[in-house]
Amino acid sequence: MEVLVFGSAIVDFICYVPRLPKAGETLHGTSFATGFGGKGANQCVAAAKLGAKTAIIAKVGGDAWGKTYLDHLQKENVNTDHVQICSDETTGIAQICVAEGGENNIVIVAGANELLSENDVNKALDLFTESKVLICQLESSIEATIVALREFKGISILNGAPALENTPSELLEYSKIFCVNETEAALMTGFPINSLGDSRAALLRMIEMGANTVIITLGKHGAVYMKKTNTQEIVHIPAQKIEKVIDTTGAGDSFIGALAFYLARFPDFPLHQQIGGACAVASFSVQFPGTQSSFPDAQKVHTDLTNVQYPWKIL
Ligand code: ATP
Ligand code: RIB
């Protein structure tokens, strides 16, 4: 496989609202949709849509959503040999509000995702040995995620979302690339990020906490990264300019899935090029509603990094 995902599959219940509700408030929404979500499955489908050979190790519930989700992943050309239906559990669900302007808030109930275990890593050791890139997130068992990252010898990406206030150091040490958005970075490190310059303190702190290479995504400002081997240097990659943002839900996931695709296909390219490609894919996705439904396929973006130069600069 080019991209292997160990992580979550969740069904999204999305309310579109004029603005995000305040605590205790009931709001009239404008429309409702269900969608296939969960950071793990989103990231896997993002890579698959670009043409990567993908597989996911995940768990869904014994309810109607579980079977529907399995069928959906197969239609997206994702290998599901290691997706298990757990008859005594519910499929993970997410309640999402998307405001005009695209910002969102999300509550998840992980359900069957909680049952992902060390045993599931052991049962898929062939995939762990042969795959080029592994992606994990923090919507399933943390212990199992640590084992998955420890066992994998290729390029591993950990998306530290949802963020933990006390992140076990193994999570950072065992992943080659640790990627969070600005809110997650602030929660983990205690350093708020209100400008590009602010990212330095958070990046450095995450390196001190054990990370090897850290990427922080910054919404419409793109992304920054720092490597443990050169903490003097912060590299900034801008996002594409988008006229009308419709829904940013899943933008971070399309970024991670695309990053994995480019790392698998162009492992020797400089990281700013692979991140530039991931930003282009994620910026495309914010123009359309939903999560996976907004991700571009290979016809809509550059999949060959040899044909394109993305802008970047050292801060
Ligand atoms: P999610 O809404 O899925 O939680 P996130 O907060 O994890 O997303 P962001 O940092 O908001 O992730 O965005 C990830 C990437 O998506 C950015 O690096 C950028 O490339 C792209 N992106 C997000 N918002 C915009 C925007 N308003 N305009 C252009 N690109 C955007
Ligand atoms: O990152 C977006 C995803 O977060 C949604 O699809 C939702 O399921 C939650 O996991």
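Run the numbers for Val245 and Ser293: contour at 0.36 nm per residue of separation, minus the present Cα-Cα distance, in nm.
Working: separation 48, 0.36 × 48 = 17.28 nm, distance 1.50 nm.
Separation in residues times 0.36 nm, less the Cα-Cα distance, equals 15.8 nm.
Over the chain, one equal point on each Cα, no solvent: what is log10 I(q)/I(0) by the Debye formula at q = 0.11, 0.12, 0.13 Å⁻¹?
-0.62, -0.75, -0.89
Taking every DSSP beta bridge with both residues inside the chain, roughly what % is antiparallel (nearest 5)?
Bridges in the chain are about 40 percent antiparallel.
Within the chain, which is the longest segment containing none of the GluC sites (Glu not before Pro) that sit in a DSSP loop and have at most 11 other Cβ atoms within 10 Å? Don't jump to the answer; show the numbers that get you there.
Values: sites that count: Glu25, Glu165, Glu243.
For GluC sites (Glu not before Pro) (loop position, at most 11 other Cβ atoms within 10 Å), the longest site-free span of the chain is 26-164.
What FRET efficiency comes out for the pair Glu143/Gln95, r = Cβ-Cβ distance, R0 = 22 Å, nearest 0.05?
The pair Glu143/Gln95 has a calculated efficiency of 0.25.
Evaluate the charge dipole of region 69-165 about its Cα centre and quote only its size in Debye, nearest 20, assuming +1 on the Cβ of each Lys and Arg and -1 on the Cβ of each Asp and Glu.
320
For the chain, what does -39500 (n - 2.57) per DSSP helix run (n ≥ 4), summed and divided by total residues, give at 222 nm, in deg cm²/dmol to the nearest 500?
-9000 deg cm²/dmol
Quick one: which residues, 5+ away or cross-chain, put their amide H under 5 Å from the amide H of Val301? H built at 1.01 Å from N.
none
Label point 7 Å out from Lys228 along Cα-to-Cβ: which residues of region 1-17 have amide N under 20 Å?
Backbone N within reach: none found.
Mind checking which lysines have their C-alpha under 28 Å from Lys123, skipping anything on the same chain fewer than 8 residues away?
Those lysines meeting the cut-off are Lys39, Lys49, Lys53, Lys59, Lys67, Lys75, Lys132, Lys153, Lys176.
Taking square-rooted eigenvalues a ≥ b ≥ c of the alpha carbon gyration tensor, is region 69-226 rounded, prolate or oblate, where a/c under 1.5 means rounded and, failing that, a/b exceeding b/c means prolate? Numbers along the way, then the final one.
Values: a/c = 1.93, a/b = 1.33, b/c = 1.46.
Here region 69-226 falls in the oblate category.
Place a label point 7 angstrom from the Cα of Leu27 along the Cα-to-Cβ direction, then list the residues of region 108-145 whose backbone nitrogen is under 18 Å away.
108
Which whole-angstrom value gives the distance between the alpha carbon centres of region 282-315 and region 99-126?
Result: 24 Å between the Cα centres.
Most mobile of Ala186, Ala280, Ala201 per a Gaussian network model of the chain (Cα springs, under 10 Å)?
Ala201
May I ask you to list the residues of region 176-211 whose amide nitrogen lies under 17 Å from a point 7 Å from Cα along the Cα→beta-carbon direction of Lys220?
Flagged as within label range: 182-183, 194-196.
Only the coordinates and a few stated rules stand behind these numbers; no lab work does. A quick note: this is a predicted structure, and the numbers were derived from the prediction, not measured. In this analysis, Cβ positions are derived from the backbone assuming ideal geometry, glycine residues included, and neighbour counts consider all displayed protein chains.
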